[in-house]
Amino acid sequence: MLKTTELVLLARDGNEQAWTDLVPRVRGYLIALAIDKGYSHKADEVAQETLYRAFLVLHTLVEPAHFKTWLTRIALNIIVDSRRQDSRLDGPPQDSMAAPDARLDERLIEEERRKQLQAAIQSLPPRQAHVISRRLAGESYETISRDLGITANAAKLVYHRALTTLKEALS
């Protein structure tokens with residue numbers, strides 16, 4: 001199995017299979033990053049757009065060892081741009097005397113729950129927060145354990161401890 005840096009070099013040189021092999025290695029990280037930045041409702045979109053933009057300009061990447069940092073910057077820029085666009089789309093209320101929309105209430109409640117969950121995740125010990133974010137992003141225990149240098153069973157244990165802590169914090 002090739003190292004990530006080697007895949008980046010091959011992909012940068014036009015090897016499409018290298019890019020195909022690289023995407024699953026970083027997709028979960030990008031989703032976890034979006035969730036960590038409070039963008040869980042669009043985490044998959046952020047990951048997809050980041051990978052698309054990175055693919056288009058991969059040939060400009062000077063230092064393949066900094067690939068993950070480079071991707072992180074692209075993802076953060078996408079999140080900032082998306083937040084700006086969302087705030088422009090919301091705009092000022094059309095009629096301040098209008099009856100409250102039930103869907104708006106539901107969205108506000110959901111947003112509050114999301115904020116509470118995000119705050120609870122951020123209050124976890126760093127390893128637990130990392131594992132829970134990546135599991136929520138759909139990554140396997142094997143992938144997480146490999147990145148953290150622990151066994152898959154240890155990653156499961158960290159995940160379940162994090163779940164227990166979150167349940168207590170949110171109840």
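Bear in mind these aren't lab numbers, they're just calculated from the coordinates by the rules spelled out. All values reported here derive from a predicted model rather than from experimental measurement. Cβ coordinates were reconstructed from backbone atoms using ideal geometry, including for glycine residues, and neighbour counts include every protein chain displayed.
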- Query: Between residue 167 and residue 106, what is the FRET efficiency for a Förster distance of 25 Å, r being their Cβ-Cβ separation, to the nearest 0.05?
  - Reply: 0.60
- Query: Which of the residue pairs 42/68; 37/156; 3/37; 37/167 have a Cα-Cα distance greater than 25 Å in the structure shown?
  - Reply: 3/37
- Note on the structure: Cα-only Rg/Rh for the chain with Kirkwood Rh rounds to 1.05
- Item | Convex hull volume of the stretch 16-56 per residue (C-alpha atoms, cubic angstrom) | 50 Å³
- Task: Send over the semi-axes of the stretch 104-171's equivalent ellipsoid, whole angstrom and largest first, taken as the square roots of 5 times the C-alpha gyration tensor eigenvalues.
- Result: 26, 12, 9
- Query: Given the rule -39500 (n - 2.57) for each run of at least 4 DSSP H residues, summed and divided by the residues of the chain, what is its mean residue ellipticity at 222 nm, to the nearest 500 deg cm²/dmol?
  - Reply: -25000 deg cm²/dmol
- With the cut-off at 17 Å, report for the stretch 1-88 the share of all Cα pairs above it, as a whole percent. 45 percent
- Item | Contact order relative to length of the stretch 2-78, as percent, for alpha carbon pairs under 8 angstrom and 6 or more apart | 32 percent
- Under a point spin-label approximation (7 Å from Cα along Cα-to-Cβ), what is the residue 13-residue 45 distance to one decimal in nm? 3.8 nm
- Please tell me the relative contact order of the chain in percent, rounded to the nearest whole number, where contacts are Cα pairs under 8 Å and at least six residues apart. 21 percent
- Considering the options 118, 4, 145, tell which one lies farthest towards the positive end of the dipole of the chain, charges being +1 on Lys and Arg and -1 on Asp and Glu at the Cβ, about the Cα centre. 145
- What residue among 75, 160, 43 has its Cα farthest toward the positive end of the dipole of the chain, where the charges are +1 on Lys, Arg and -1 on Asp, Glu, each on the Cβ? 160
